[in-house]
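Take a look at the structure below.
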Amino acid sequence: MGESSSTTTAVMSTNSSPLPAQNPDPPSPPERSPKNPSSLPISGCPTDEPPLPHPPPPPPARRLPAVRISSEYDSESSAFLNKVSCRVFNGLAKIKAQFQSNRNGDINYPQIGFITKYLSVLYDYEDQNAVVTGSFDVGSRLQVKGVHDVK
């Protein structure tokens with residue numbers, strides 16, 4: 001019984017001693033656990049700041065336009081007609097090249113073209129001329145078309 005009275009005395013003497021109080025504030029109520037486990041704070045991170053946003057995804061790889069290559073064989077003249085084309089400007093225009101090759105491998109009649117819906121320019125390398133064709137719609141049933149051979 002002496003020990004319990006001395007313990008009581010020690011507690012009383014601790015409260016009444018001139019030593020500074022360790023915590024003058026009353027103890028805070030226990031924190032409630034959040035309902036969502038993903039909202040628990042991570043130790044070492046401040047909870048009053050929002051989490052950092054995810055870094056933006058890398059830009060998509062730039063796609064190169066598809067190139068179409070075709071070859072036709074003419075059995076009468078024993079020559080190949082080779083065509084290369086590629087759509088550019090998101091499909092608004094087409095660049096086209098064509099040439100013939102004979103059995104010796106010589107290239108004949110090379111042409112280069114730039115073609116859109118209303119304008120086309122075809123350049124003949126051997127003749128060194130271009131054919132420019134332009135058109136436009138007048139109403140729903142009438143189209144005006146013009147062709148000019150530039151030498």
Checking the condition out of contact with any strand residue (DSSP E or B) (no Cβ under 8 Å at 6 or more places or on another chain) and of a type in the set (Lys, Arg), which residue from ARG87, ARG62, ARG68 passes? ARG62
Which of the residues that make up the range 78-107 are loosely packed, with under 12 Cβ neighbours inside 10 Å, under 24 Å from GLN128 (Cβ atoms) and polar (S, T, N, Q)? ASN104
Looking at the range 55-89 only, could you name the residues that are touching a Gly at 6+ places or on another chain (Cβ under 9 Å) and outside any loop (DSSP other than H, G, I, E, B)? SER85
Pairs, please: C-beta under 8 Å, at least 6 apart or cross-chain, first residue within 30 Å of ILE95 (Cβ to Cβ) and in the range 51-66, second outside any loop (DSSP other than H, G, I, E, B)? PRO65/CYS86; PRO65/ARG87; PRO65/VAL88; ALA66/CYS86; ALA66/ARG87
Of GLY113, GLY134, the only residue that is surrounded by 13 or more Cβ atoms within 10 Å (Cβ to Cβ) and touching a His at 6+ places or on another chain (Cβ under 9 Å) is GLY134
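Every number in this text was worked out from the coordinates using simple rules, so none of it is lab data. As the structure is a computational prediction, the values presented were derived from the model and not from experiment. Note: ideal-geometry Cβ built from the backbone for every residue, glycine included; neighbour counts use all protein chains shown.
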